[in-house]
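Chemist: Can you read through this structure? Questions will come right after.
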Amino acid sequence: MNPHTGTKPGTKPRGEQQPTLDRTTFGNRLRTARKRFGWTLAQLAERSGVSITTISRAERGQLALGYENFTALGRALEMDMNAMFAGAGIKPAQLDGPVVTRAGKGVVYRGLSIAYEFLGTTAAGKQMSPIVGTVHARRIHGPEDFVRHAGEEFAYVLSGEIEVHFDNGKVVRLARGDSLYFDSRIGHAYVSVSRQLARIVGMTTAESGHMKSAREASEPKPVRKAAAKKLRGSRKE
């Protein structure tokens, strides 16, 4: 028993609630960031690859976004992940010392298939995005359930059991204490398969310099106008 708070170790004081980022607040942040650039919904859709309808519904608080969509929007809006999910009234600062997130103090956002508890949200520009997730998806509905994003991903099962489905057909089943590390550019989806919803610790990283170089090397290089004109001329001869 804590003599100062009257609570047992590991419990929250009575009346203290977990910080939650609701859809309306998140939508307002998206709209404010978009208007800061002076962009229309169509312009943001073009830059992010997220549909106009999805952005519009998210801004109005009518739709919870999945990880792939909110990271794509964050990149397009030059919006740090921590700024997107920091608690109300908290402005993230550069990482210049240890950042502690007390039990039950992570910011919760309920996504399409996972309820994310974002940790360390006061540190801006950090290379990793740690979360505690409750996997509430129970099955794969279709190709739209698969998420893909730059970087690498790690998941450790705290309780329950999950299946991680990949869009290449591979399925990995994980029980409590099991972990998985993979290239998150591969389409993936988490599903709870235990009676109770599974809880995981997850970590995603930004795209490394090596991965970026490899991606850019594999992309077709644009043909310059002069070269294209010369090529067209040679074909006529």
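The values are calculated or read from the model by the stated rules, or taken from the named source; none is laboratory data. Since the model is a prediction, treat every value here as computed from it, not as a measurement. Neighbour counts run over all protein chains shown; Cβ positions are idealised from the backbone, glycine included. To get the accessible areas, we keep the full protein, side chains included, count just its heavy atoms, and leave off ligands, DNA and RNA. Shrake-Rupley method; radii C 1.70, N 1.55, O 1.52, S 1.80 Å.
Chemist: Considering the stretch 42-68 alone, what residues qualify as being open to solvent by less than 40 Å² (accessible area, probe 1.4 Å) and either modelled with pLDDT of 90 or more or of a type outside the set (A, V, I, L, M, F, W, C) (or both)?
Modeler: Of everything in the stretch 42-68, those that are open to solvent by less than 40 Å² (accessible area, probe 1.4 Å) and either modelled with pLDDT of 90 or more or of a type outside the set (A, V, I, L, M, F, W, C) (or both) turn out to be 44, 45, 48, 50, 54, 55, 56, 58, 59, 61, 66, 67.
Chemist: A follow-up question, please. For the stretch 19-32, how many residues meet the condition of being among the aliphatic types (A, V, I, L, M) and either farther than 18 Å from residue 66 by Cα or at pLDDT 85 or above (or both)?
Modeler: Qualifying residue count, the stretch 19-32: 1.
Chemist: Let me ask another. Just give me the residues in the stretch 20-58 being within 16 Å of residue 111 (Cβ to Cβ) and of a type outside the set (S, T, N, Q), in sequence order.
Modeler: 21, 22, 23, 26, 27, 29, 30, 50, 55, 57, 58
Chemist: To continue, here is another question. Tally the residues that are under 16 Å from the mean Cα position of the chain (by Cα) and modelled with pLDDT of 85 or more, restricting the search to the stretch 69-106.
Modeler: 6
Chemist: Determine, yes or no, whether residue 35 is at pLDDT 65 or above, open to solvent by 70 Å² or more (accessible area, probe 1.4 Å) and more than 18 Å from the chain's Cα centre (by Cα).
Modeler: Yes, satisfied.
Chemist: Could you look through the stretch 150-176, keep only residues that are within 17 Å of residue 131 (Cα to Cα) and of a type in the set (D, E, K, R), and pick out the one that is farthest from the chain's Cα centre (by Cα)?
Modeler: So the residue we want is 176.
Chemist: Right, here's the next one. Kindly indicate the residue of the stretch 183-199 that is closer than 20 Å to residue 69 by Cβ and among the hydrophobic types (A, V, I, L, M, F, W, C) and also surrounded by the fewest Cβ atoms within 10 Å (Cβ to Cβ) among those meeting that condition.
Modeler: Taking the candidates together, the pick is 186.
Chemist: Check 184, 113, 179 and return the single one that is within 13 Å of the chain's Cα centre (by Cα) and free of Cβ contacts under 8 Å to residues at least 40 places away in the same chain.
Modeler: Selected residue: 184, the only one of 184, 113, 179 that is within 13 Å of the chain's Cα centre (by Cα) and free of Cβ contacts under 8 Å to residues at least 40 places away in the same chain.
Chemist: Now for a separate question. Which one is most open to solvent (accessible area, probe 1.4 Å), of the residues in the stretch 119-163 that are without any contact (Cβ under 8 Å) to a residue 40 or more places away in the chain and in a strand (DSSP E or B)?
Modeler: 163
Chemist: All but one of (1) open to solvent by 30 Å² or more (accessible area, probe 1.4 Å); (2) touching a strand residue (DSSP E or B) at 6+ places or on another chain (Cβ under 7 Å); (3) at positive phi hold for residue 169; state the number of the condition that does not hold.
Modeler: With respect to (1) open to solvent by 30 Å² or more (accessible area, probe 1.4 Å); (2) touching a strand residue (DSSP E or B) at 6+ places or on another chain (Cβ under 7 Å); (3) at positive phi, residue 169 is out only on (2).
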